[in-house]
Amino acid sequence: MAASGVLLGVAAVGLTTTNVVATLRDPVFGGTTFTAANNGFEISGDGSTWRSGTSASDAVTMTATPATAMLPGTTVYTAVSLRTKTGSSAITVATKATNTATGLPNRLLYAVVRSSTCTSSAFTDPGNFLVGGVATDVPLSTAPTDFPLQAATATAPGPTVSLCFRLRLPDSIQVWTDSSVPGSGPPVWNFEGKKP
């Protein structure tokens, strides 16, 4: 809860070797002296089914392509879309990847671009990158870049912002010799909203 009483949603996205799971928690606070505004955002894995739930049962699954087990040298792509909820004002969102001590998440590199197409062709315009670049993938520990979600109206959600994640497992000796990489758990990306 911000000092102004504006409430923003927080979404988390976790990656397995073949898919991403996203959940959104949007608790409601109230009291005798204040109420929370109808601010927040929704998340979708397919661009048509939107979630703004409060539990894992509201998860959105996004299938990585190609949907194969990741070997060193593999690159996969997966998409997520966000928009403000009906009635919400504009929101600034930051993508924040979290890291683990060992395993696949610790070895993955990634880049994120704003694009409605989620293939290798989306990673050609340097002006649309939120993380990384055309030929640059970064560790999960890299600082996030904020991006805006436009305000909704009283009767409709805001415009959709589509993101494409490029995830790469490097073909390096560090990966080949890391016995914790096979069967390891997913990394997690938090989408944190705040007042612009």
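The values are calculated or read from the model by the stated rules, or taken from the named source; none is laboratory data. Owing to the predicted nature of the structure, the values given are computational and were not obtained by experimental measurement. Just so you know, the surface numbers come from the protein's heavy atoms only, side chains and all, with ligands and any DNA or RNA stripped out. Shrake-Rupley method; radii C 1.70, N 1.55, O 1.52, S 1.80 Å.
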What is the extension gain from Ala90 to Thr74, computed as 0.36 nm multiplied by their sequence separation minus the C-alpha to C-alpha distance, in nm to one decimal?
-> 2.1 nm
Under 20 Å from the Cα of Lys85 - lysines, other chains or at least 8 residues apart = Lys194, Lys195
Of Asp46, Asp125, Asp137, ordered by accessible area with the largest first and a 1.4 Å probe, the sequence is Asp46, Asp125, Asp137
Hz values of 3J(HN,Hα) by residue in segment 133-138 - Karplus curve (6.51, -1.76, 1.60), Gly and Pro given as x = x, 3, 10, 10, 10, 10
Tabulate in residue order the Karplus-calculated ³J(HN,Hα) for segment 84-91, using 6.51 cos²θ - 1.76 cosθ + 1.60 with θ = phi - 60°, rounded to whole Hz; enter x for Gly and Pro.
-> 6, 6, 3, x, 7, 7, 4, 9
How much length is gained on full extension from Thr117 to Ala154, taking 0.36 nm per residue of separation minus their Cα-Cα distance?
-> 10.4 nm
